[in-house]
Amino acid sequence: MSFKSAVITFPGSNCDRDALCYLKDLTKGEVHNIWHEETSLPKVDLVILPGGFSFGDYLRSGAMASKSKIIDEVVKHANDNRYLLGICNGFQILTEIGLLEGALIRNKKLKFLGKNCFIKKKFKNNFNLSIKDNQILQIPVAHNEGNFYCDTETLNLLKNNEQIAFEYCKGEFSNTEENINGSIEAIAGITNKKKNVLGMMPHPERAYSDFHQSQDGRFIIESLIS
Amino acid sequence: MNEELILQHGLTLDEFQVIRKYLNRDLSIEELGIFSAMWNEHCCYKTSKKWLKKLPTDNEIVIQGPGENAGVIDLQDNDGIAFKIESHNHPSYIEPFNGSATGVGGILRDIFTMGARPIATLDSIRFGLIETEKTKYLLNGVVHGIGHYGNCIGIPNIGGECEFESTYDFNNLVNAMAVGHVQKDKIFYSKPKSIGGLIVYIGSKTGKDGIHGASMASDVFSEEDEDEKRPSVQVGDPFMEKLLMEGCLELMSSGLIESMQDMGAAGITSSSVEMASKGNVGVYINLDKVPLRQPLSAYEILLSESQERMLAVIDKKNNHKVREILQKWQIDYEVIGEITDTKRVVFESNNRKVVDLPVEIIVDDAPEYDREFYIPRKRKNKDFDFSKIKLEDMIINLLTNLNYLDKSWVFDQYDSTVMGDTIREPGQSSGIVKIHGTQKVIGASTDCNPLYIRINPYEGMKYTVAESYRNLIACNINPLAITNNLNFASPLDPNIMGELVLSIHGLKTAAVKFNTPIVSGNVSLYNQTNEIPIKPTPVIGMVGSNMDLNKINTNKFCEIGNKILILGKQLTKNCSPYLLQDQKIAFNICEFNDLEVLDLDFEKKIANCVLELSDLKCIISCNDISRGGIFSALLKMQYKDMGFRVKVPDPIDLFCEYSAGYVIEIRSKDFEEVTSFLTKKGAEYHEIGEIIKEGIEINSKKFDYFDIMNKYRNDFEKIIS
């Protein structure tokens, strides 16, 4: 059975093409691009909410996109136990919809951050199965609001339910930071309780091809397919 | 018409008389506004035209030279590359965030107006000394603005330069460059095709922002002006631009429009007049149809520089389809006029013709000046005293000078990997992106050596072009063409005019030799405040390619134990301007010796050696040698805690500048092959050392690697915050 997937495009999405290429190249299966005003979603294994500045990030990052027509279908898709991945702005949208806990606030230094970061997996789930414990992945980030925040009660729930998928860490060499954006407990990505929905700030779709600086972004799709 | 009003519009009384005589009637205030917008330096190049005409603008790969929204070169297989650089200096001083943001927005529109999808941006920014009160505010604002706009629209920023010098204390420079990819058979031009075509307005509503922006950009500043001129700075909305870009590219690829013109400087006036002029036709526009943000007079509509607006010509039959596509992107769209056969520009408002002018008088009769200029005096040669200079101090001088420190603080605020095709990010000698879906790569670099050009404008400009050239060569990118941004002070000063004339001449000499024609550009004059002129700063943006991404060199060290070789010719220490300036040996511009003549044939010879050795996979990493000499080049090459051990006859040699200078890393096993190749080519080389782990060692003296690297990487942020 071939792996089917889809990418949602909102006005202002700018990583939709990157996500489409990522899926086409790594899944070799059918990939759909869905406009935000659509009211139906094909039956697929994985939906990606891509990065960018949906609706200009006006009001609050992801807030307006979370009210788009297609979102009802996205929620149904998730409730159907199928995979949903929000990358960067997609992660922000998922917290705005309420599919994921917490919120993404402005980076600790109050500046946009576009650079390579290092992450490792915290708790095992279907998105990071093929990544070894303590394996350090190099993946770019590009965000202004990537500082994950939640209250203590929620944080304990996330830990107890093993919903923390990725955390920022130091790289192999000097001059790399432990926690680039000030996220609580260096959280880089979380899942929902059922672990079929993942939101992450780093961009795996910019780190998979041979010419990219790193190919570590492959692991996520490889984990899902295996 | 009273004189004061004419002068307020930036026209001289002589210029006004020319118009008056031609028309043989009085002008309406709207017409005066049009001449103000079209006859200023920014739009008609009245000072520089005579000299710009001398530049080489064509060769076998040029598809479109200067004169359109951007130049386009041919990259085989129906791939074209559109690129251009443009300044937003004055607005960025008055309002750094919006000034620089709209600079990026404007240059991106220039690119997609040609039917090209932007694939990279670069920026060349210059500020005053960090000790100057306003510099931190300007730096923060400009970097934030560039980042905000480019990040949101989603075009990777792949490089540029950022320098600090007292000459820019009251005139910071912001030059933004953009590169786009276009299919050769789908290039769009501003020339309309048919009489009767509908003129349509696409994009944001028109507001009061930026009224008189273009004439402001052609004016000398005094400090008190600043607050008064703030309303002339446009406000950008990158989200709108993203929608506009996607909407326009969709219209173009569906073949629904005939031609397109960005409403940039001088807004609807400039875009419609240029449309008429290019097509040798007339335009009729009803200003009542223009979508407005607030009630505006005809005069204000004509001169507004509100951002994210386009003017296009479509066939009547496509009106409905165009509207449908733009509705999907939630973009305002209105038919506002049509192409006529009158060769006149007619604007109507409230059933009254407020403007009715022949295109000829606005465009063809625009003034062109042959301004007086002086050639700088010959410099006397003198020997400087280097006896007191210690190696430790030289290193400290570099590590306490912002110009030498790692600029991650700047480019980490830019998204450089969006679009997923970035090969080399900022911080390397040139930025490189892949053309989507191919193996081809485009490299680009921006450069200027204002100190060199002040010393000797002609030779200095040759060095500037050569530096850009080397930046590309170091990555194994074949240099192809140039865009330029000539930033100067007031050309009414014959000394400054002399620098302008001679540097254009130097640009011509180098561009002809390297076969890199100038395909687009921009001139920014009057960069002076309180009568303090900036140093001549003609910035070069050079673009090149390699058909195979696997052949690209890195600028970063790859392996411990590999050998370090130097190619090129060292400038003597008495003739290394940046050495003298930055090591605090020469202070005043009159003290410097003249530049050594740059041998462009030698540049080409060494460059060809680097390209050939790279193709043979003998070069493991390579960097060019520029300001700060070999030492600075080596610092930039450090990576993954690898350092270097070198031996040189005199430590000062490590800080001298070079012609055709490159640092190359090679494997020991390739040493024979590389050196015999170089000998055969007659290219001198010096083996100076090797790559070591976590160390910096010069002539057996060990330095604290982590201390130096920590300063190099992190002190920029400390100094500027």
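General observations
- Diffusion coefficient, µm² s⁻¹, Stokes-Einstein with Kirkwood Rh over alpha-carbon pairs of segment B:577-665 at 25 °C and 0.890 mPa s: 166
- Each listed q (0.12, 0.16 Å⁻¹) maps to a log10 I(q)/I(0) for segment B:414-482, found by the Debye formula over equal Cα scatterers with no solvent: -0.38, -0.61.
- Whole-number D in µm² s⁻¹ for chain B, Kirkwood Cα-pair radius fed into Stokes-Einstein, 20 °C, 1.002 mPa s: 82
- Compared with the dominant principal axis of the Cα atoms in chain B, helix B:135-153 is inclined by about 70°.
- Take every pair of alpha-carbon atoms less than 8 Å apart whose residues are at least six positions apart; their mean separation over the length of chain B yields a relative contact order of 15 percent.
- Estimated FRET transfer efficiency when R0 is 56 angstrom, pair B:Asp58-A:Lys193 (beta carbons, to 0.05): 0.30
- Annotation for segment B:163-211 versus segment B:598-647: alpha-carbon center distance of 36 Å.
- The count of lysine pairs in segment A:1-68 that are at least 8 places apart or cross chains, and whose C-alpha atoms lie under 19 Å apart, stands at 5.
- For segment B:83-139, the alpha carbon convex hull comes to 75 Å³ per residue, rounded to a whole number.
- Cα-Cα over 21 Å, subset of A:Lys108/B:Lys640; B:Lys563/B:Lys640; B:Lys462/B:Lys513; A:Lys124/A:Lys159: A:Lys108/B:Lys640
- The angle between the Cα long axis of helix B:238-253 and the longest principal axis of the Cα atoms of chain B comes to about 80 degrees, rounded to the nearest 10.
- Global dimensions of segment B:538-608 from alpha-carbon coordinates: Rg and Dmax equal 17.3, 47 Å.
- The value for segment A:49-153 of Rg(Cα) / (2.2 N^0.38 Å) is 1.13.
- Per-residue average of Cβ from other chains inside 10 Å of A:203-212: 4
- Interchain or long-range residues, amide H under 5 Å from B:Glu348's placed H: B:Ile285, B:Asn286, B:Leu287, B:Val354
- In this structure the amide hydrogen of A:Leu113, modeled in the peptide plane, comes within under 5 Å of the amide hydrogens of A:His143, A:Asn144, none closer than 5 places in sequence on its chain.
- From phi via Karplus (6.51, -1.76, 1.60), per-residue ³J(HN,Hα) for segment A:20-26 in Hz, x at Gly/Pro: 4, 5, 4, 5, 4, 5, 9
- As a calculated quantity, the FRET efficiency between B:Leu616 and A:Glu177 at R0 = 30 Å, using C-beta atoms, amounts to about 0.15.
- For segment B:256-320, convex hull volume per residue from C-alpha positions, Å³: 104
- 10 Å Cβ neighbours from other chains, averaged over peptide A:6-19: 4
- Projected label distance in nm at B:Gln183 and A:Tyr149, using a 7 Å step from Cα toward the beta-carbon: 4.8
- Here the ratio of the Cα radius of gyration of chain A to 2.2 N^0.38 Å is 0.92.
- Full extension of the chain between B:Lys681 and B:Lys551 gives 44.7 nm of extra length, using 0.36 nm per residue less the Cα-Cα distance.
- Rounded to whole numbers, the Karplus 3J(HN,Hα) couplings from phi for segment B:277-282 are 5, 4, x, 6, 10, x Hz, using 6.51 cos²θ - 1.76 cosθ + 1.60 with θ = phi - 60°, and x at Gly and Pro.
- Projected label distance in nm at A:Asp80 and B:Leu5, using a 7 Å step from Cα toward the beta-carbon: 6.9
- Taking the convex hull of Cα positions in the protein assembly as shown, its mean projected area over all directions (nm²): 38.2
- With eigenvalues of the C-alpha gyration tensor scaled by 5 and rooted, segment B:22-136, Å: 28, 26, 15
- For segment B:115-195, the equivalent ellipsoid derived from the alpha-carbon gyration tensor has semi-axes of 34, 14, 11 Å in decreasing order.
- Hz values of 3J(HN,Hα) by residue in segment B:345-360 - Karplus curve (6.51, -1.76, 1.60), Gly and Pro given as x: 9, 10, 10, 10, 8, 6, 6, 10, 6, 8, 9, 8, 10, x, 4, 3
- Using R0 = 25 Å, the C-beta based FRET efficiency linking B:Ile560 and B:Phe602 works out to 0.15.
- Order by protection proxy (mean Cβ within 10 Å, highest first), peptides B:653-661, B:327-335: B:653-661, B:327-335
- Summarising the amide proton neighbourhood of A:Asn147: residues at separation of 5 or more, or on other chains, whose placed amide H is nearer than 5 Å comprise A:Ile105, A:Asn107.
- The share of accessible area on the protein assembly as shown that comes from carbon and sulfur is 48 percent, using a 1.4 angstrom probe.
- Mean partner shielding of peptide B:405-415, defined as the number of other chain Cβ atoms within 10 Å of each residue Cβ, is 4.
- From the Kirkwood radius over Cα pairs of segment B:149-195, Stokes-Einstein at 10 °C and 1.306 mPa s returns a whole-number translational diffusion coefficient of 105 µm²/s.
- The angle between the Cα long axis of helix B:457-474 and the main principal axis of chain B comes to about 70°, on a 0 to 90 degree scale.
- Binned Cα-Cα distances of segment B:260-375, short to long, each 5 Å bin given as a whole percent: 2, 10, 19, 22, 19, 13, 6, 3, 2, 2, 1, 0
- An ellipsoid equivalent to segment A:1-98, defined through the eigenvalues of its Cα gyration tensor, has semi-axes of 21, 15, 11 Å when rounded to whole angstrom and sorted largest first.
- Label-point gap, in nm, between B:Leu129 and B:Arg323 - each point 7 angstrom along Cα→Cβ: 6.2
- For the protein assembly as shown, share of DSSP beta bridges that run antiparallel, in % to the nearest 5: 75
- Å² of accessible area per residue within segment A:5-225, as computed with a 1.4 Å probe and no ligands counted: 39
The values are calculated or read from the model by the stated rules, or taken from the named source; none is laboratory data. As the structure is a prediction and not an experimental result, all values here were calculated from the model. In this analysis, Cβ positions are derived from the backbone assuming ideal geometry, glycine residues included, and neighbour counts consider all displayed protein chains. Note: accessible area is taken over every heavy atom of the protein model, side chains too, but ligands, DNA and RNA are not part of it. Shrake-Rupley method; radii C 1.70, N 1.55, O 1.52, S 1.80 Å.
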